[in-house]
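For reference, the structure is listed below as structure tokens.
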Amino acid sequence: METLLRLEPYSPLPFGHLHPHPSARNRPSFAVIVASSPRNQSGKKLRFHGTNITIPIKNQGTVHRSVTVRSEIAAAGSTGDSACSMTEFQLGSRIRAICFYSVTALVAIFLFVGMVLAHPFVILFDRHCRRAHHLIAKLWATLTIAPFYKLEFEGMENLPPQNMPAVYVSNHQSFLDVYTLFTLGRCFKIISKRSIFLFPVIGWAMLLMGVIPLRRMDSRSQLDCLKRCMDLVRKGASVFFFPEGTRSKDGKLGAFKKGAFSVAAKTGVRVVPITLLGTGKLMPAGMEGILNPGLVKVIVHQPIEGNDADMLCCESRNVIANALLVHGYGVHGNA
């Protein structure tokens, strides 16, 4: 037994992706539904007379009202569980960040005392490289990182000997990059914003280590910084640059500035490209109030030699960009 339902004329089509036959566009449309009764399992069809459209509808039997209600409640419950899980994850990341800063400050206080005691001897016997201070910095970074995320290294054999000056360069994704790089145990001088030196203990420790201050957007400060880097390299120290100039906002590799490569070309030392993977996912740029769990990988690439700053810049960026692409990260444009 079939029941025939006749609908009133209806102009707009209810399905945006269906188009009526050209000859029927000016004629009114009537929808006729031929529906099977529960006893008849022969199926049902939805026909639009006047538009030459026939849509078969599979017979799904009788759906009880109680089943529909339970389905809606289950869907609402699933959405609520997802939101709850997300909130718990965000709360956990915030608590982890608070613990991270607490640990780094506590460890820094104790190690800073050792750095102050050693400083007179460092100035007398190792003024330029300051190996003792860098050893303390490595210990500080390792103790801070250990409870919060795992480190994996690749290509450590590519690191130059400790007594060989070089220019190190890396991509910059996160506040965690400096912590991660200190674990390499190399005595390179990092360039940092002047404002960082105002931080109690950590800023003072950076001053004792010989970190090079820089005023951003100040061309004279940038020139002085490059001159100081070249002077340090000629005296046997290594320097470290983030050639992008700032942290990537979207995790993709940005364009490289040529300052680091000019230092290498003019002093004749090698450039050591380093790729950092994962720091931006753990603590994204601009979100220093959270710390997600995860793994950070450090890839040390083979050193690059040359006396052409443009060539050194291009090759270094290509090496880092290729490593990022292999691991699923993005890259902006060209060098």
Projected label distance in nm at Lys257 and Leu207, using a 7 Å step from Cα toward the beta-carbon: 2.4
Accessible area per residue in Å² at 1.4 Å probe, computed on region 117-246: 49
At R0 = 35 Å, FRET efficiency that the Cβ-Cβ distance of Asn307 and Leu124 yields, to 0.05: 0.50
Approximate spin-label separation Glu152-Lys227, in nm, with each point projected 7 Å along Cα-to-Cβ: 4.6
5 angstrom amide H check on Val331, placed H, neighbours 5+ away: Leu253
Accessible surface of His128 - all protein chains present, 1.4 Å probe, nearest 10 Å²: 60
Carbon and sulfur %, accessible surface of region 135-283 computed with the full protein complex present, 1.4 Å: 59
Net +/- balance of residues flanking Ile123 in space, Cβ distance below 13 Å, scoring K and R +1, D and E -1: +2
Unsatisfied cross-links (Cα-Cα over 18 Å) in the set Lys249/Lys281; Lys150/Lys281; Lys193/Lys257; Lys193/Lys252; Lys227/Lys266; Lys189/Lys249: Lys193/Lys252; Lys189/Lys249
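Give the calculated FRET efficiency between Asn322 and Tyr101 to the nearest 0.05, with a Förster radius of 41 Å applied to their Cβ-Cβ distance. Present the calculation step by step, with values, prior to reporting the outcome.
On the way: r = 34 Å, r/R0 = 0.84.
The calculated FRET efficiency here is 0.75.
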Region 204-335, relative contact order in percent, only Cα pairs under 8 angstrom and at least six apart counted: 25
Region 162-274 shape via C-alpha gyration tensor axes, a/c threshold 1.5: rounded
Global form of region 195-328, assessed from the alpha-carbon gyration tensor, a/c cut-off 1.5: oblate
Contact order relative to length of region 276-335, as percent, for alpha carbon pairs under 8 angstrom and 6 or more apart: 25
Extreme residue, positive dipole direction of region 221-335, given options Leu253, Leu324, Ser238 (C-beta unit charges): Ser238
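For Lys266 and Thr87, compute 0.36 nm times the residue count separating them, minus their Cα-Cα distance, and round to one decimal in nm.
Extending this stretch completely gives an extra 59.2 nm.
Using Cα-Cα distances under 8 Å and only pairs 6 or more residues apart, what relative contact order does region 153-222 have, in percent? Don't skip to the end; give the middle numbers.
On the way: 36 pairs, mean separation 16.6, N = 70.
Relative contact order for region 153-222 comes out at 24 percent.
The values are calculated or read from the model by the stated rules, or taken from the named source; none is laboratory data. Treat the numbers as computed from the prediction; the structure is a model and nothing was measured. Cβ atoms come from the backbone with ideal geometry, glycine included; neighbour counts cover every protein chain shown. To get the accessible areas, we keep the full protein, side chains included, count just its heavy atoms, and leave off ligands, DNA and RNA. Shrake-Rupley method; radii C 1.70, N 1.55, O 1.52, S 1.80 Å.
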